[in-house]
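Accompanying notes for the structure given below.
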Amino acid sequence: MICADPEAEHLSAQFGAAAVTKALRTVLARARARLSRPGEQVPSIADLLTAAAQDLADRHRESLMGVINATGVVIHTNLGRAPLAPEAVAAMVTVAGYGNLELDLEGGRRASRQDHLDSLIAEITGAQAGLAVNNCAGAVVLALAALGAGTPVIVSRGELVEIGGGFRVPDIVAQSGAQMVEIGTTNRTHLSDYDQALADHAQTRMILRTHPSNFRITGFTSAPSLKDLATFAHARGLLLIEDLGGGALVDLTPFGIAGEPTVQASLQAGVDLVVFSGDKLLGGPQAGIIAGRRDLIETLAKHPLARALRLDKLSLAALGATLRLYRPPNHPMSAVPVLRMLTQSAETIKARGLALQSLLAKVANLQIQIVVTEGFAGGGALPMQALSGFALQLSVPGLSAEDFARRLRTGASPVVGRIAQDRLLLEMRTVSDQELAPLASAIAQAIA
Ligand SMILES: *Cc1c(COP(=O)(O)O)cnc(C)c1O
């Protein structure tokens, strides 16, 4: 008889009768369980229907949503890494229908989807050629499988890193079919270690160098420079492949961000293939980019794994548009959101905090303080780079920081802040000016 209630019929029209019946069963079961406790009232049919409607609405909500990133972490893997530039978003929309993905419009013949990126990657990195696949982990597997399967690959013990999300260099090498030869120690590796490994493994064709993206070994450390390692490798007929991870195309040192080598510098040092992510410092979509010698890129492109790891048309379009932001007349430091956020001035960030504060002035019960913070730049990239920022510290009497943070995360437009010393902080570096008004309403709703 609940199902015959006009409200239930209304829900059935919206969500389908089967889903409504299921939701009502769930709600009834919960109500029965509660009734076993002393003092519980029997819920009315209207109460049950309201609960069922809430349940149905929750189920129909998209699971994947946009969020406002108020963590201050610019390249946040859990929040989808790099936010795309408007140009990249527009490029995705353009090819979302049909597009000339694999068609040469001039000759009317089949073409390769890689043609759209090859010369662009080459132009921007200074490499002979370029190739893009699904992600950096895939690109490393492809490079090792195509050039080193069945042969020893030399890796320094100081570079046997785990990036997170299941990327561990030893496992990746194993997956590619290459045999890993570890040399040196955690903190020190010398050219003589590479020489010794070659003496023991005559079949070696390749040295793999990995950028330790998410940790630093400091103190008594040593590793040959990239240039020395390249000279060493080439003198012995070996390839030098570098997994650079972060993929900076601009030197960030003048902006106070040290320790991120550029792709161009690696190629100039003589690395044969450089592999890097599309959605870290490059600021584009998820992708793994390989730049380097044309003959090697061609070998990779022909390998069966290249097909399995190929980039889809949306990411390909977004990557092309992002790469174009690196060439004149564009200015990547302002056009690429990741670079803009990383290098914003303290005044800009503080001004944003003040603007949000004034938008929140009329919200009852809310206590606001602007605080100076020491944030970190990124998860998978620049983990050690402290970037000072400004945050709004928010509190409501009687509401814990955890509860406040949860309410913000689970609202209609989710906001992710951070908690430090039992206080809720909304970092202003990673919030855009356009997000200020929606952010203010989300805060007001969370405590309404
Ligand atoms: C981040 C990173 C990877 C993994 O990149 P994905 O694009 O997430 O696959 C691999 N190697 C290094 C050195 C990295 O920093």
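Rule-based calculations on the coordinates, nothing more; no lab input. Please read all numbers here as calculations on a predicted model, not as lab measurements. Quick reminder, even Gly has a Cβ in these numbers, built from the backbone with ideal geometry, and neighbours come from all protein chains shown.
Could I have the simple spin-label model distance between His331 and Leu101, label points 7 Å from Cα toward Cβ, reported in nm to one decimal?
So the label points at His331 and Leu101 sit 3.7 nm apart.
Using the Kirkwood radius over Cα pairs, work out the Stokes-Einstein diffusion coefficient for the chain at 25 °C and 0.890 mPa s, in µm²/s as a whole number.
Value of D from the Cα-based Kirkwood radius: 98 µm²/s.
Ranked from highest to lowest mean number of other Cβ atoms within 10 Å per residue, what is the order of the peptides 67-77, 142-152, 107-117?
67-77, 142-152, 107-117
Regarding the stretch 2-60, what's the average projected area of the Cα-atom convex hull, expressed in nm²?
3.8 nm²
Give me, ordered by chain and number, the residues 5 or more places off Ala420 or on other chains with an amide H under 5 Å from its own placed amide H.
Leu425
Between Ala386 and Gln268, what's the calculated FRET efficiency when r is the beta-carbon distance and R0 is 30 Å? Round to 0.05. Please report the intermediate quantities before stating the final value.
Values: r = 29 Å, r/R0 = 0.96.
Efficiency, rounded to the nearest 0.05: 0.55.
Assuming R0 = 22 Å, can you tell me the calculated FRET efficiency for the pair Thr26 and Asp5, based on Cβ-Cβ distance, to the nearest 0.05?
So the FRET efficiency works out to roughly 0.85.
Could you work out how much longer the chain between Lys350 and Ser225 gets when fully extended? Use 0.36 nm per residue separation minus the Cα distance between them, nm to one decimal.
Taking 0.36 nm per residue and subtracting the Cα distance, the gain is 41.0 nm.
Please compute the Kirkwood hydrodynamic radius of the stretch 86-335 from all pairs of different C-alpha atoms, in Å with one decimal.
18.6 Å
Suppose the chain between Ala174 and Asp200 were pulled fully straight at 0.36 nm per residue; how much longer would it get relative to their current alpha carbon spacing?
Between Ala174 and Asp200, full extension yields an extra 7.4 nm.
Okay, helix-only estimate at 222 nm for the chain: each DSSP H run of n ≥ 4 adds -39500 (n - 2.57), divide by all residues, round to 500 deg cm²/dmol; what do you get?
So the helix-based figure for the chain works out to -12000 deg cm²/dmol.
Among 279-285, 244-250, what's the highest-first ranking by average C-beta atoms within 10 angstrom per residue?
Put in order of decreasing packing, that is 279-285, 244-250.
Which number gives the lysine pairs in the chain that have C-alpha atoms under 27 Å apart and are eight or more places apart or on different chains?
For the chain, qualifying lysine pairs total 6.
What is the angle, in °, between the Cα long axis of helix 136-148 and the longest principal axis of the Cα atoms in the chain? Nearest 10 is fine, range 0 to 90.
Helix 136-148 sits at roughly 30 degrees to that axis.
Give, in nm to one decimal, the length gained when the segment between Ala13 and Leu160 is fully stretched (0.36 nm per residue of separation minus the Cα-Cα distance).
Working it through step by step, the gained length comes to 47.2 nm.
Please state the relative contact order of the chain as a whole percent: Cα pairs under 8 Å, 6+ residues apart? The partial results should precede the final answer.
Working: 797 pairs, mean separation 87.9, N = 448.
It rounds to 20 percent for the chain.
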